[in-house]
Amino acid sequence: MENIGINIKINGEQITRAGFNKAHYVLHAMAAFARRRGSNDAFGFHVGGLDSDANSHVDWLKTNLNFGDIVTLEIVKGPFDPSEAHVRPAVSEEDQLKYELELFYRLKEELKDHIKE
């Protein structure tokens, strides 16, 4: 069985041919739009996957998009471009604590009617 992948073009420019030359994998291409309180809007596009045999996440593309960009996905057979290991962004201990405290207080407020003190 031949593996299938995804050929990606943005605004007509060839970007990558993502896919695995393995038997077991997960492959995804995802566009996302985020509108957060107190922040600018963000358009993003990510192509990545999971090498199921090695249980490791990989990336082919992480980029921002602009309004009006045209993203073309084509389902293809190999050969595929090499991927890179997925690296989680480093978060300082202080930032992690700040995030967890904000989450705690937000949840405490949301669940106040269910909490017995």
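Where a number appears in this text, it was derived from the coordinates with a stated rule and is not lab data. Remember, predicted model here, so these are calculated numbers, not experimental data. Cβ coordinates were reconstructed from backbone atoms using ideal geometry, including for glycine residues, and neighbour counts include every protein chain displayed.
Working note: Debye formula, equal point scatterers on the alpha-carbon atoms of the range 4-87, no solvent; log10 I(q)/I(0) at q = 0.10, 0.15, 0.16 Å⁻¹ is -0.27, -0.57, -0.64. For the range 1-38, applying the loop criterion from DSSP together with a ceiling of 15 other beta carbons within 10 Å to the trypsin sites (Lys or Arg not before Pro) yields LYS22, ARG35, ARG36, ARG37. Model label sites at ASP81 and ASN66, defined 7 Å from Cα along the beta-carbon direction, differ in position by 2.0 nm. Taking Cα atoms only, the orientation of helix 93-110 departs from the longest principal axis of the chain by about 60 degrees.
One Cα centroid belongs to the range 47-117, the other to the range 6-24; the line between them spans 20 Å.
Here is the size of the range 72-114 from its Cα atoms: Rg then Dmax, 20.6, 57 Å. Considering only ALA18, VAL58, ASN7, and ranking their Cα positions along the charge dipole of the chain that arises from unit charges at the beta-carbon of Lys, Arg, Asp and Glu, the one farthest toward the positive end is ASN7.
Taking the chain as a Gaussian network of alpha-carbon nodes connected by springs under 10 Å, the highest mean-square fluctuation of the residues ASP53, ASP95, ASP81 belongs to ASP95. Here the Gaussian network model covers the chain, with springs between Cα atoms less than 10 Å apart; of GLU74, GLU13, GLU94, GLU94 fluctuates the most.
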